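Structure first, then comments.
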Amino acid sequence: MIFETREPDYPKIKADLDIAAAMIRKADSFTDAKEAFRRYNEAYKELSSRYARIFLKLYHDVSCEETMVQLAASIEHLNELVHYAPFGSAVAESPWRDQLEACYGKPAILLLAFNADCESRATGNETKPRTIDEASSRYQNLVIQAEGCYERFADEFDALLQEVVSINHETARYYGYEDYNDYANLLYSRFDYGEAEMMNLCRQIREKVVPCYEVFQKTYANQLQQGAPKPRDLRQGMAAYTERLGKEAAEYWLMLSDTDALDIEPSPVKMPNMGLQRLIEEEGLAPIITNPTGDFNDGWVLAHEFGHSFQEYLAFRKQPLALSAVASADVMEISSRLAELFLHVHADRLYEDPERFSLFHLDRLLSSIINFAMSTEFEHWLYHHVDATPQQRKETYFSLYRQTHPSATADETTMLRSLYDEVTVYTMPKYQFCYVPAWISAVEIAKDYRKQSESVYRKFVELNGDLAFYTYRELAQKFGFSNAFEDRIVDRFIGWLEECTGLRLSDR
């Protein structure tokens with residue numbers, strides 16, 4: 001696995017970025033502005049690659065104190081320089097801004113401008129809040145210690161949750177925002193919609209998908225009790241699967257394998273149920289880490305992470321700006337979900353007993369979209385109630401859990417385990433909503449794959465290359481899928497699921 005890197009010369013990089021910002025301000029032509037972006041791009045690639053290597057090393061062994069020290073020593077420089085505020089401010093005020101958006105994509109320019117705006121709004125007489133990285137690391141180590149019995153460390157998990165919420169709230173206020181909901185949604189490039197649209201979509205999932213999941217579980221109860229199919233050898237299976245997908249996918253999987261960019265062996269010092277990847281711009285690829293256990297999840301989780309990695313690889317090769325290779329959270333998950341959904345046609349490449357794949361994958365799909373919508377609603381409540389007591393947090397979570405799992409005979413221990421297993425709430429706050437709209441868009445695209453595999457695959461490749469270049473609404477219009485925030489979209493989503501899998505989800 002590609003971990004090692006030299007320490008960047010941060011003062012030199014900052015000086016180069018100051019020069020780039022001055023070039024933007026003094027630009028007499030669009031050509032001058034593009035030269036400033038070329039300079040910024042080189043610095044961004046070095047900085048982002050540095051973080052990527054530390055990130056991958058950390059998740060390869062979350063217990064490694066040396067890596068945490070390395071991260072702590074780098075994080076302040078990385079946070080300051082990756083979206084360097086003076087450069088972003090110069091871009092936001094540039095007379096060439098429209099041309100820059102056309103050249104590099106609106107999301108990259110909006111993100112640079114947002115970061116600059118935050119710095120301009122920062123409360124100068126207050127100390128900048130610390131990041132949650134150290135608390136997230138303690139959470140990851142606590143999860144490993146708990147071995148699934150999270151209730152044994154209830155007080156520690158409660159204290160960590162309060163710490164994360166407090167730090168994030170302080171960060172939002174420091175940058176002049178009322179609460180972390182508003183701040184983090186913009187941080188995740190949710191420029192086309194806000195909390196109201198997000199909460200409305202989560203409510204529809206709770207009200208419409210939950211009853212369908214109840215029907216599904218009753219309809220297929222006997223089959224679901226028989227046990228999920230097992231994955232084949234993961235490396236060979238993914239090689240066979242990507243070959244079925246298409247030339248680009250097969251070549252990229254071979255590249256990952258040949259360059260030691262696959263960390264997919266089981267390990268006690270990786271997070272359980274792990275699947276992640278990260279683009280290393282200096283290498284031009286995105287290594288993958290998973291922690292397989294020999295069960296059903298191993299195959300589709302690896303396919304999911306391959307979808308992310310493949311997207312970033314294609315976008316990095318296509319886009320002139322490295323910042324335009326990594327898409328916003330709510331659209332980047334479209335690629336990964338599509339890589340899962342194509343397995344409904346090609347499960348024989350990756351699974352034993354492949355005819356049963358669709359049943360068990362649909363079970364995971366429905367469960368996950370319900371749980372991520374529930375988590376989003378809970379997190380929305382958390383950041384509007386930052387002074388809530390541990391008991392109030394538990395009562396709110398338990399109430400949402402019962403509404404979204406009406407048939408579950410869940411006692412308090414079960415619900416506590418679910419609460420403390422909310423990994424993204426602790427480590428990637430406000431991220432988990434991304435899985436909700438992404439599932440909807442991915443299913444709409446994938447529903448035609450069985451009948452039109454070549455054209456849908458070509459759309460998948462093209463979409464990957466452009467995913468970070470367009471805003472959500474622009475992307476939906478360009479690639480012909482529905483806006484997930486439209487009225488009655490969840491009703492249509494249920495129909496698309498039935499079409500995609502051939503399984504029944506309702507009594508209609």
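The values are calculated or read from the model by the stated rules, or taken from the named source; none is laboratory data. All figures in this text were calculated on a predicted structure; none of them were measured in a lab. So basically every Cβ, Gly included, is an ideal-geometry build from the backbone, and we count neighbours across all protein chains shown. Accessible surface is based on the protein model in full, side chains and every heavy atom, while ligands, DNA and RNA are left aside. Shrake-Rupley method; radii C 1.70, N 1.55, O 1.52, S 1.80 Å.
Considering only residues that are of a type in the set (D, E, K, R) and either at positive phi or open to solvent by less than 30 Å² (accessible area, probe 1.4 Å) (or both), which ones fall in the stretch 345-376?
Pass one, the stretch 345-376, residues of a type in the set (D, E, K, R): 348-349, 352-353, 355-356, 363-364.
Those that are of a type in the set (D, E, K, R) and either at positive phi or open to solvent by less than 30 Å² (accessible area, probe 1.4 Å) (or both): D353, D363.
Quick one: what pairs do we get from the stretch 188-215, first residue in contact (Cβ under 8 Å) with a residue 40 or more places away in the chain and part of a helix (DSSP H, G or I), second crowded, with 17+ Cβ neighbours inside 10 Å and basic (K, R), C-beta under 7 Å, 6+ apart or different chains?
Close Cβ pairs (under 7 Å, with a partner that is crowded, with 17+ Cβ neighbours inside 10 Å and basic (K, R)) do not exist here.
Which number in (1) at pLDDT 90 or above; (2) over 15 Å from S336 (Cα atoms); (3) acidic (D, E) marks the one condition that E444 misses?
Single failed check for E444: (2).
What are the residues in the stretch 496-508 that are hydrophobic (A, V, I, L, M, F, W, C) and either in a loop (DSSP other than H, G, I, E, B) or in contact (Cβ under 8 Å) with a residue 60 or more places away in the chain (or both), if any? Break it down into steps so the answer makes sense when it comes.
Of all residues in the stretch 496-508, those hydrophobic (A, V, I, L, M, F, W, C) come to 496-497, 500, 503, 505.
Correct list: L497, C500, L503, L505.
Taking the stretch 480-492 as the search range and keeping residues that are within 18 Å of A329 (Cα to Cα) and among the hydrophobic types (A, V, I, L, M, F, W, C), which one is nearest to the chain's Cα centre (by Cα)?
Here the residue is A484.
Mind telling me which of the residues D233, D260 ends up being at pLDDT below 95 and either touching a Phe, Trp or Tyr at 6+ places or on another chain (Cβ under 6 Å) or acidic (D, E) (or both)?
Values: D233 fails: at pLDDT below 95.
Within the list D233, D260, the selection yields D260.
Would you mind stating whether R203 is of a type in the set (K, R) and modelled with pLDDT of 95 or more? If you could, list the steps in order and put the result at the bottom.
Working: of a type in the set (K, R): yes; modelled with pLDDT of 95 or more: yes.
Answer is yes for this residue.
Please specify each residue of the stretch 410-423 satisfying the condition of being free of Cβ contacts under 8 Å to residues at least 24 places away in the same chain and either open to solvent by less than 10 Å² (accessible area, probe 1.4 Å) or closer than 30 Å to R473 by Cα (or both).
Hit for the stretch 410-423 is M415, nothing else.
Return only the number of the condition from (1) of a type in the set (D, E, K, R); (2) open to solvent by 40 Å² or more (accessible area, probe 1.4 Å); (3) part of a helix (DSSP H, G or I); (4) modelled with pLDDT of 85 or more that D28 does not satisfy.
In the conditions (1) of a type in the set (D, E, K, R); (2) open to solvent by 40 Å² or more (accessible area, probe 1.4 Å); (3) part of a helix (DSSP H, G or I); (4) modelled with pLDDT of 85 or more, D28 misses (3) alone.
Among L78, L47, L71, L56, which is the only one that is closer than 26 Å to E163 by Cα and crowded, with 21+ Cβ neighbours inside 10 Å? Walk me through how you get there before you give the answer.
Details: L78 fails: crowded, with 21+ Cβ neighbours inside 10 Å; L47 fails: closer than 26 Å to E163 by Cα; L71 fails: crowded, with 21+ Cβ neighbours inside 10 Å.
Only one candidate qualifies: L56.
Here's a check for you: in the stretch 468-495, which residue that is open to solvent by 20 Å² or more (accessible area, probe 1.4 Å) and in contact (Cβ under 8 Å) with a residue 60 or more places away in the chain is farthest from R203 (Cα to Cα)?
Looking only at the stretch 468-495, we keep the residues that are open to solvent by 20 Å² or more (accessible area, probe 1.4 Å), and these are 469-470, 473-474, 477-478, 480, 483, 485-488, 491-492, 495.
Subsequent filtering for residues that are in contact (Cβ under 8 Å) with a residue 60 or more places away in the chain retains 469-470, 473-474, 485, 491.
Values: F469: 30, Y470: 27, R473: 21, E474: 25, F485: 12, D491: 13 Å.
By that ranking, first place goes to F469.
If you take the residues in the stretch 293-318 that are assigned to a loop (DSSP other than H, G, I, E, B) and open to solvent by 20 Å² or more (accessible area, probe 1.4 Å), which one is nearest to R53 (Cα to Cα)?
To start, the set of residues in the stretch 293-318 that are assigned to a loop (DSSP other than H, G, I, E, B) comprises 293-296.
Then keep just the ones that are open to solvent by 20 Å² or more (accessible area, probe 1.4 Å); that gives 293-295.
Details: T293: 25, G294: 27, D295: 28 Å.
Looking at residues that are assigned to a loop (DSSP other than H, G, I, E, B) and open to solvent by 20 Å² or more (accessible area, probe 1.4 Å), I get T293.
Could you please let me know if L323 is assigned to a helix (DSSP H, G or I), under 30 Å from E35 (Cβ atoms) and open to solvent by 10 Å² or more (accessible area, probe 1.4 Å)? Show your work before the answer.
On the way: assigned to a helix (DSSP H, G or I): yes; under 30 Å from E35 (Cβ atoms): yes; open to solvent by 10 Å² or more (accessible area, probe 1.4 Å): yes.
Taking the combined requirement at face value, the residue satisfies it.
Residue under question is A102, and the condition is that it be within 27 Å of the chain's Cα centre (by Cα), surrounded by fewer than 19 Cβ atoms within 10 Å (Cβ to Cβ) and farther than 30 Å from D263 by Cα; does it hold?
Working: within 27 Å of the chain's Cα centre (by Cα): yes; surrounded by fewer than 19 Cβ atoms within 10 Å (Cβ to Cβ): yes; farther than 30 Å from D263 by Cα: yes.
In short, yes.
Has the stretch 478-489 got any residue that is assigned to a helix (DSSP H, G or I) and among the β-branched types (V, I, T)?
So in the stretch 478-489, the residues assigned to a helix (DSSP H, G or I) come out as 478-479, 489.
Filter again for among the β-branched types (V, I, T), leaving 489.
Yes, because at least one residue in the stretch 478-489 is assigned to a helix (DSSP H, G or I) and among the β-branched types (V, I, T).
What's the number of the condition E283 fails, among (1) in contact (Cβ under 8 Å) with a residue 12 or more places away in the chain; (2) open to solvent by less than 70 Å² (accessible area, probe 1.4 Å); (3) part of a loop (DSSP other than H, G, I, E, B)?
E283 satisfies every listed condition except (2).
Among the listed residues Y457, Y426, which satisfies the condition of being among the hydroxyl-bearing types (S, T, Y), within 26 Å of R356 (Cβ to Cβ), surrounded by 15 or more Cβ atoms within 10 Å (Cβ to Cβ) and touching a Leu at 6+ places or on another chain (Cβ under 7 Å)?
On the way: Y426 fails: within 26 Å of R356 (Cβ to Cβ).
Step by step, each of Y457, Y426 is checked, and only Y457 is among the hydroxyl-bearing types (S, T, Y), within 26 Å of R356 (Cβ to Cβ), surrounded by 15 or more Cβ atoms within 10 Å (Cβ to Cβ) and touching a Leu at 6+ places or on another chain (Cβ under 7 Å).
Give the residue, chosen from M255, M199, that is within 24 Å of the chain's Cα centre (by Cα) and open to solvent by less than 60 Å² (accessible area, probe 1.4 Å). Give the derivation first.
Numbers: M255 fails: open to solvent by less than 60 Å² (accessible area, probe 1.4 Å).
Exactly one residue qualifies, and that residue is M199.
Would you pick out the residues in the stretch 238-261 that are outside any helix (DSSP H, G or I) and free of Cβ contacts under 8 Å to residues at least 40 places away in the same chain? Write out each step before concluding.
At the first step, the residues of the stretch 238-261 found to be outside any helix (DSSP H, G or I) are 246, 259-261.
Those that are outside any helix (DSSP H, G or I) and free of Cβ contacts under 8 Å to residues at least 40 places away in the same chain: none in the stretch 238-261.
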